[in-house]
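Novice: Take a look at the following structure, please.
The values are calculated or read from the model by the stated rules, or taken from the named source; none is laboratory data. Predicted, not measured: the structure shown is a model, and the values here were computed from it. Neighbour counts are summed over all protein chains in view; Cβ atoms, including those assigned to glycine, are modelled from backbone coordinates with ideal geometry. To get the accessible areas, we keep the full protein, side chains included, count just its heavy atoms, and leave off ligands, DNA and RNA. Shrake-Rupley method; radii C 1.70, N 1.55, O 1.52, S 1.80 Å.
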Amino acid sequence: MNENKNNLNNNILITGGAGYIGSCLALYLKKKYRITILDKKQSKNLIINTCNLLDLKKLNHILNKDKPKLIIHLAAQSLVDETINKKKYYQNNILATKNLITAMKNHNLTNLIFSSTAAVYKYSGKILSENDTIQPKSTYAKTKLKCEKIIKDSKINSIILRFFNVCSSLKVNNKIIGEFHNPETHLIPTIVYKNLLQKKFYIYGNNYKTQDGTCIRDYIHIKDICSAIDKSINYLFRNNKKFQIINIGSSSRNTNLETLQEIEKITKIKNIYTIEDRRKGDVDLLVCSNSKAKKLLNWQPKNSAIKKIIKDEILWVKHLIKNKQFRKFKNYL
Ligand SMILES: NC(=O)c1ccc[n+]([C@@H]2O[C@H](COP(=O)([O-])OP(=O)(O)OC[C@H]3O[C@@H](n4cnc5c(N)ncnc54)[C@H](O)[C@@H]3O)[C@@H](O)[C@H]2O)c1
């Protein structure tokens, strides 16, 4: 009781809080902390401090008013798409992060959690740990790596979390939130939605070096992402002047075929799909070692069994359909 009361005096600010992970996280942390959400876009369901991180003056004003004990920096241009102008990545990721650090220093704010990505690693075909070779390929991943460096050099008390494939939905009391990207490019939200609506989708490549030829991925339930961030907050509040880089994934291996067969089993609706040629840049296996997170944060991915991920995504898709919110896809999905 006392701990909760103390926490509620601690204000936490989430940048990118109108996005998928940010809106789920705000709901998850709300009981424990006073939450302020900052985003450049508005949201129907959340109270947002509308601010583009590129607007340093407004950002300074918000931090001065709010004085958050900790900032969770999720705001980014996160769609991996090489057709997007590089300037957009540079601004929304690098410049925005530089501004945030400047504003934090201006107001003597010391605790930061940053969402980075598995895409910063060099592909090795092996399970990835934090000290493996770094070699980002996409513009998106290159800008994330640059942000990691800016944060490290700032000497701010911080944790960099490298997320693997985040998915599914979160239910707190009777409220459900999930992923609603436009366009949707991730595998699980695409194929669950298309299975339920009996639409065709594509699987790219069945000649990878895996048991059934399709790619292997590590999926992590949004609830486990939220609990990892919650544990990271505890860690930062307990330890001053720290810098840590930590993988957040389930460490489980699911091939694309296994994943879509699991969906069929649960919904009892047949998938409609074709196998297409491999896509440039896709790799056989992308799985993380999460032993550092388990040890350092005392965290466990308790919700990331593929069945649970799919069942919670189905609940969210049914909610979307009931509310006439329809997902949009690129024509190649
Ligand atoms: N979803 C995943 O699987 C995944 C995996 C690895 C890393 N990540 C990282 O986690 C973070 C959150 O991901 P998400 O899926 O919720 O993304 P999202 O696109 O749903 O949300 C990002 C939010 O940031 C906001 N934003 C972008 N630029 C901004 C700026 N300059 N100023 C203010 N707000 C800005 C957007 O309006 C959006 O609401 C991102 O940094 C992403 O790179 C996500």
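Novice: In region 55-161, if every C-alpha pair distance is counted and binned at 5 Å from zero, what percent goes to each bin?
Specialist: 2, 12, 22, 22, 18, 12, 7, 3, 1, 0
Novice: Now, a different point. Write down the percent of antiparallel bridges among all DSSP beta bridges whose residues are both part of region 1-155, to the nearest 5.
Specialist: 5
Novice: How large is Rg over Rh for region 276-322, taking Rg from the Cα atoms and Rh as the Kirkwood inverse mean of 1/r across Cα pairs?
Specialist: Reported Rg/Rh (Cα atoms, Kirkwood Rh): 1.14.
Novice: A further question follows. If you bin every alpha carbon distance in region 226-321 into 10 Å steps from zero, what whole percent lands in each bin?
Specialist: 12, 32, 30, 19, 6, 1
Novice: Mind telling me which of Ala18, Ala305, Ala119 comes out most flexible in a GNM of the chain, alpha-carbon contacts under 10 Å?
Specialist: For the chain, modelled as a Gaussian network with Cα springs under 10 Å, the answer is Ala305.
Novice: With the full set of protein chains in place, find how many percent of the accessible area of region 2-322 is carbon and sulfur; take the probe as 1.4 Å.
Specialist: 48
Novice: Something else about it: Determine the alpha carbon to alpha carbon distance for each of Lys65/Lys105; Lys126/Lys242; Lys40/Lys318; Lys137/Lys280; Lys149/Lys241 and list only those over 18 Å.
Specialist: Distance filter (> 18 Å) returns Lys126/Lys242; Lys40/Lys318.
Novice: So, one more: When a/c reaches 1.5 or more, the comparison of a/b and b/c decides; with that in mind, is the chain rounded, prolate or oblate per its Cα gyration tensor?
Specialist: Prolate shape, in that a/c is at least 1.5 and a/b is the bigger ratio.
Novice: For the chain, set up a GNM with springs between Cα atoms under 10 Å and report which of Leu197, Leu29, Leu53 has the largest fluctuation.
Specialist: For the chain, modelled as a Gaussian network with Cα springs under 10 Å, the answer is Leu197.
Novice: Listed here are the pairs Lys31/Lys144; Lys69/Lys292; Lys57/Lys152; Lys57/Lys98; Lys88/Lys194; which of them are more than 21 Å apart at the Cα?
Specialist: Beyond 21 Å: Lys31/Lys144; Lys69/Lys292; Lys57/Lys152; Lys88/Lys194.
Novice: If you take every DSSP beta bridge whose two residues both sit in region 194-321, what share of them, in percent to the nearest 5, is antiparallel?
Specialist: Antiparallel bridges make up about 20 percent of those DSSP assigns within region 194-321.
Novice: Under a point-charge model restricted to the Cβ atoms of Lys and Arg (+1) and Asp and Glu (-1), what is the dipole moment magnitude of the chain relative to its Cα centre, in debye to the nearest 20?
Specialist: Dipole of the chain, to the nearest 20 debye: 780 debye.
Novice: Under a 1.4 Å probe, what is the accessible area of the chain per residue, stated in Å²?
Specialist: 49
Novice: I would also like to ask the following. Out of all DSSP beta bridges with both ends in the chain, state the antiparallel percent to the nearest 5.
Specialist: Percentage antiparallel, nearest 5: 15.
Novice: With unit charges on the beta carbons (Lys and Arg positive, Asp and Glu negative) and the dipole taken about the Cα centre of the chain, which residue among Gln135, Ala118, Ile12 sits farthest to the positive side?
Specialist: Ranked along the dipole, the leading option is Ile12.
Novice: Which of these, Ser232, Ser116, Ser124, has the largest mean-square fluctuation under a Gaussian network model of the chain (Cα springs below 10 Å)?
Specialist: Ser124
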